[in-house]
Structures are given as structure tokens and as C-alpha cells.
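Structure, as C-alpha cells:
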Amino acid sequence: MLKPQLRPARPHFSSGPCAKPPGWSPDQLDTRVLGRSHRSGLGKERLQHCIDLMRENLQLPATHRIGIVPASDTGAFEMAMWSMLGARPVTCLAWESFGEGWVTDAVKQLRLDPTVIRSDYGELPDLGQVDWSSDVLFTWNGTTSGVRVPNGAWIAADREGLSFADATSAVFAYDLPWDRIDVATFSWQKVLGGEGGHGVLILGPRAVERLESFTPDRPLPKIFRMTKGGKLNEGIFAGETINTPSMLAVEDAIWTLEWARSIGGLNGLMARTDANAAALDRIVDARDWLGHLAQAPETRSKTSVCLTVAGADPKRMARLLEEEGVAFDIASYRDAPPGLRIWCGATVETTDIEALGPWLDWAWEQCR
Ligand SMILES: Cc1ncc(COP(=O)(O)O)c(C=O)c1O
């Protein structure tokens with residue numbers, strides 16, 4: 001089989017850090033704040049601008065606070081766990097490696113004895129089993145299995161516990177029901193194609209109530225501390241970061257958020273993700289050796305799409321495609337079943353997904 005003539009214009013299909021937005025280049029970033037204090041007037045203004053753009057693009061209701069915190073999505077999720085868990089029983093849902101990581105935190109580090117509801121790669125656990133009198137930890141979009149929760153209807157409106165959503169590969173790709181979410185976290189490195197290093201923490205009013213009424217019986221490092229004298233440190237949600245942020249990463253996020261606004265904000269981003277996932281779906285449907293790891297269509301991720309490959313070693317295929325410069329980083333995650341994982345988030349161009357199809361055929365033929 002001859003090599004296809006058409007190549008994806010950008011071979012960036014990694015599930016994080018993800019492709020930069022179309023048209024991005026480093027010389028377009030506003031660098032006025034670099035080399036200046038993040039606590040200067042300009043520094044605070046840029047951090048606040050970033051927060052405002054996230055709120056606007058996400059259509060985040062005024063009930064929810066949004067702040068920039070250290071250590072990427074992991075930092076944001078762990079600061080919420082460490083600060084808020086222990087007040088009531090805990091339930092952890094896990095269906096892939098990142099959800100499993102939060103189980104390890106809850107069991108081995110926080111020693112909370114949570115109820116754990118699991119399922120295998122490709123499946124979603126029975127969400128109907130969840131007891132909403134407990135605090136519930138879950139991953140909105142399981143990046144390593146390509147399985148997501150279909151919506152928020154399973155989250156009780158009258159829950160007594162808090163819902164904690166690790167939503168890093170979901171935010172900006174799905175229309176999230178904020179009234180059902182007490183804590184959400186993400187990093188710019190996913191759907192925005194931004195940089196790692198910083199996390200974003202979103203808190204609903206019930207999470208703030210928890211922070212102000214409950215003091216966990218455990219040491220909290222400075223970078224996890226969200227209250228001062230029993231009151232929420234509101235500065236964190238107004239651009240006064242706990243410690244020094246990378247203003248270069250912040251400027252990079254601002255550039256992308258302005259691009260996002262120019263294409264219609266959340267709706268524009270979701271439309272691009274939908275089109276990419278649909279294009280990849282057509283590729284999968286047309287090949288009997290390719291399949292979705294996620295069994296039920298309504299649980300299939302539209303961002304981190306995980307595929308099964310029959311008759312050839314997907315790792316070898318991914319290596320060949322990388323060598324050809326047509327697809328970077330598309331082997332499945334190290335803990336997941338062997339397969340391919342192709343990011344379909346908003347920063348990827350649909351024409352590049354379409355151009356990938358014939359190259360998958362070529363690589364499969366080479367590796368059979
Ligand atoms: C669902 C999920 N949770 C957590 C993480 C960890 O994110 P970070 O490296 O930004 O802390 C990832 C990264 O891929 C992820 O996909």
C-alpha cells in the first residue's frame with residue numbers, strides 16, 4: 001500500500017498537553033507582564049482578565065467561584081480533597097487510571113475508607129448506586145479509557161454530600177450542569193491546548209460552606225490552604241494566587257481564551273469538538289479492525305477518543321505514524337488496554353482528523 005498523499009497539517013493528536021489552537025504562535029503572546037511581579041497592578045489585571053475570560057467562555061454562573069492554583073489539575077483536585085474531605089462519608093467512582101488515582105489518595109493518603117464503585121476500561125460503573133448523602137469523587141471524562149458520564153442527571157439535585165468532578169478533559173468540551181457540581185477542576189493543557197503547571201479550581205456555594213464550617217484534622221501545605229481565620233480566601237478567586245504563577249502560561253491561556261471567544265465561546269468550542277469526534281467516528285465505522293473502547297455510545301468521550309485495533313500492534317502503528325510525522329502521541333495510555341487514543345478537542349482541526357484515516361490504514365497494513 002502506498003503512503004497517502006495528504007498529511008494532517010498538524011500531527012498533534014496528544015491527549016495532553018493537547019494541540020495549540022489554530023493560528024497560535026509564541027510571538028503573538030502579550031509579554032508586557034513577563035519579568036514583572038504577579039502582584040503588580042498589571043500582573044493582577046492579567047490574572048483577573050484570565051479568570052474573567054474563563055468565566056465568560058464557560059458561561060459559569062455567578063454562584064460559582066473560579067481560581068488559578070498550583071500544580072495543574074492534580075494540584076487543584078488534591079487541594080479540594082485535602083481541604084474538604086472527612087466531614088461525611090466518601091464515595092469514589094473509578095473506571096480508568098485517573099479516577100483510580102483519586103481512590104489511592106482517599107484510601108492510602110487520607111485514610112478515609114471510602115465506598116469505591118469501579119468498572120473496567122470501556123465501561124461506566126452503575127451511577128444509580130451512588131449514595132448522595134456522601135461526598136462523591138469522579139472523573140467527568142476518563143481520559144485513559146475514553147469513557148465519560150453522559151450528563152449530570154445522575155447527580156442528585158438535593159444531595160447532602162458534595163460532588164467533586166475532575167473535569168480536566170471535559171471543561172470547554174461539554175455543557176456542564178453547574179448546579180450539580182460543587183467542585184470542578186481542570187488544567188489549560190487539555191481542551192484549550194494551553195500549558196500544564198496550573199490548575200483551575202471551581203467552587204460552588206456548598207463547597208465554600210464546607211470550607212468555612214469544617215477544619216480537617218490533617219496538616220495542609222500552604223499551597224492547599226484556601227481559608228484564613230475560618231473564612232474563604234477570596235483573593236484566590238480574584239487573581240491573588242497563593243504563590244507565584246507562570247505568567248507566560250497565563251498569557252498563553254489568555255490568548256486561547258480570546259480565540260475561544262472569537263469563535264463563540266463554549267458553543268463554538270463544543271461545535272468543533274463535536275465535528276472532530278464525528279469525523280473520527282466515520283473513520284471507525286468504515287473499518288472493521290477499528291472499534292471504540294467505550295462500549296455504550298452515550299458514554300463515548302468526544303475529546304480523548306480511545307480505539308481498539310484488531311490484527312496489528314497499535315504501539316507499533318503509533319510509532320510508525322510518529323516517525324512519518326503524521327500523528328504524534330496516539331498510543332493508548334500506559335495503564336490502559338493497548339490501542340490508539342486520538343484527541344478530538346476544539347484545538348484540533350477536523351480536516352486533520354479526516355486526513356488521519358488513510359494513514360491509519362497505511363500503518364495498519366505495515367504492522368499486520
Ligand atoms: C482525568 C484526568 N485527571 C487528572 C489528570 C492529571 O492532570 P495534570 O497532569 O494536569 O495534573 C489528567 C491528565 O491527563 C486527566 O486526564
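The values are calculated or read from the model by the stated rules, or taken from the named source; none is laboratory data. All values derive from a computational prediction rather than experimental measurement. Cβ coordinates were reconstructed from backbone atoms using ideal geometry, including for glycine residues, and neighbour counts include every protein chain displayed. Only protein heavy atoms, including side chains, enter the accessible area calculation; ligands, DNA and RNA are left aside. Shrake-Rupley method; radii C 1.70, N 1.55, O 1.52, S 1.80 Å.
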* Asked: So which of Glu240, Glu251, Glu258 is among the acidic types (Asp, Glu), closer than 28 Å to Gly345 by Cα and open to solvent by 50 Å² or more (accessible area, probe 1.4 Å)?
  -> Glu258
* Search region 148-175 for residues that are of a type in the set (Asp, Glu) and pair each with any residue that is modelled with pLDDT of 95 or more when their beta-carbon atoms are under 6 Å apart and the residues are at least 6 apart or on different chains. => Glu160/Ser133; Asp166/Phe77; Asp166/Thr139; Asp166/Thr185
* Failed item in (1) open to solvent by 10 Å² or more (accessible area, probe 1.4 Å); (2) assigned to a loop (DSSP other than H, G, I, E, B), with Val191 passing the rest -> (1)
* On the given criteria, is Ser72 hydroxyl-bearing (Ser, Thr, Tyr) and free of Cβ contacts under 8 Å to residues at least 40 places away in the same chain? -> no
* **Ala80 surrounded by 21 or more Cβ atoms within 10 Å (Cβ to Cβ) and more than 21 Å from Gly16 (Cα to Cα)** => yes
* Could you list, in sequence order, the residues of region 38-77 that are assigned to a helix (DSSP H, G or I), within 16 Å of the ligand (Cβ to nearest atom) and open to solvent by 40 Å² or more (accessible area, probe 1.4 Å)? -> Thr74
* Across region 85-109, what is the number of residues that are out of contact with any Phe, Trp or Tyr (no Cβ under 7 Å at 6 or more places or on another chain), away from the ligand (no atom under 12 Å from the Cβ) and either over 26 Å from Ser213 (Cβ atoms) or open to solvent by less than 30 Å² (accessible area, probe 1.4 Å) (or both)? -> 7
* To do: Taking Phe172 as the residue in question, decide whether it is surrounded by 18 or more Cβ atoms within 10 Å (Cβ to Cβ), at positive phi and either within 11 Å of the ligand (Cβ to nearest atom) or not polar (S, T, N, Q) (or both).
  => yes
* **Meets criteria (more than 15 Å from Thr351 (Cα to Cα), more than 16 Å from the ligand (Cβ to nearest atom) and either open to solvent by less than 60 Å² (accessible area, probe 1.4 Å) or at pLDDT 95 or above (or both)) for Arg10** => no
* Among (1) open to solvent by less than 20 Å² (accessible area, probe 1.4 Å); (2) within 16 Å of the ligand (Cβ to nearest atom); (3) assigned to a loop (DSSP other than H, G, I, E, B), the one test that Ala312 misses -> (2)
